[in-house]
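One structure is given here, and the rest of the page talks about it.
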Amino acid sequence: SDGSIRLHQMTSEYPLMQWNDSTNGQPVIALQWALTRPAVFFALDASSNIYIWDLLENDLLPVAKQTIPSEKVVTMTLLGEPEKANGLLGIVLAKESGQIDIQYVKKKWALP
């Protein structure tokens, strides 16, 4: 609820990494690892901002931020085929109106 993100290992109650205020204090409402690239994850905050984290490129800050300006995004999920090396990775956004939007991610964040 405070915008913090923690990375845990299943065998420990303490986080391996913690990013405080990673969304400028906005609550994180969805977070998911990329299906095709293990070091990348996406976070959606309550202000409809999507943060892309690539831990191999930068483990302190997101490598990109995208604001969805048209209307509030209430949740997101990712789609892709991890068993294929084509690097297709999409973000499915559910908007407050009920509209579903699919956007594809740049190859540099999707390729295995």
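The values are calculated or read from the model by the stated rules, or taken from the named source; none is laboratory data. A quick note: this is a predicted structure, and the numbers were derived from the prediction, not measured. Here the Cβ is made from the backbone with ideal geometry for all residues, glycine too, and neighbour counts use every protein chain on show. Keep in mind that these areas ignore ligands, DNA and RNA; they rest on the heavy atoms of the full protein, side chains included. Shrake-Rupley method; radii C 1.70, N 1.55, O 1.52, S 1.80 Å.
All but one of (1) open to solvent by 20 Å² or more (accessible area, probe 1.4 Å); (2) in contact with a strand residue (DSSP E or B) (Cβ under 7 Å, 6 or more places away or on another chain) hold for residue 106, so report the exception by its number. Condition (2) is where residue 106 drops out.
Screening segment 27-45 for residues that are open to solvent by 60 Å² or more (accessible area, probe 1.4 Å) and assigned to a strand (DSSP E or B) and picking the one that is farthest from residue 94 (Cα to Cα) gives 33.
Scanning segment 46-100 for residues that are open to solvent by 30 Å² or more (accessible area, probe 1.4 Å), in a strand (DSSP E or B), without any contact (Cβ under 8 Å) to a residue 24 or more places away in the chain and of a type outside the set (A, V, I, L, M, F, W, C) gives 65, 66, 67.
Taking the criterion of being within 30 Å of residue 84 (Cβ to Cβ) and assigned to a strand (DSSP E or B), the residues of segment 1-26 that qualify are 5, 7, 8, 16, 17.
Being open to solvent by 20 Å² or more (accessible area, probe 1.4 Å) and either farther than 14 Å from residue 103 by Cβ or not acidic (Asp, Glu) (or both) is a description that applies to residue 7. Within segment 15-26, none of the residues are of a type in the set (Asp, Glu) and open to solvent by 90 Å² or more (accessible area, probe 1.4 Å).
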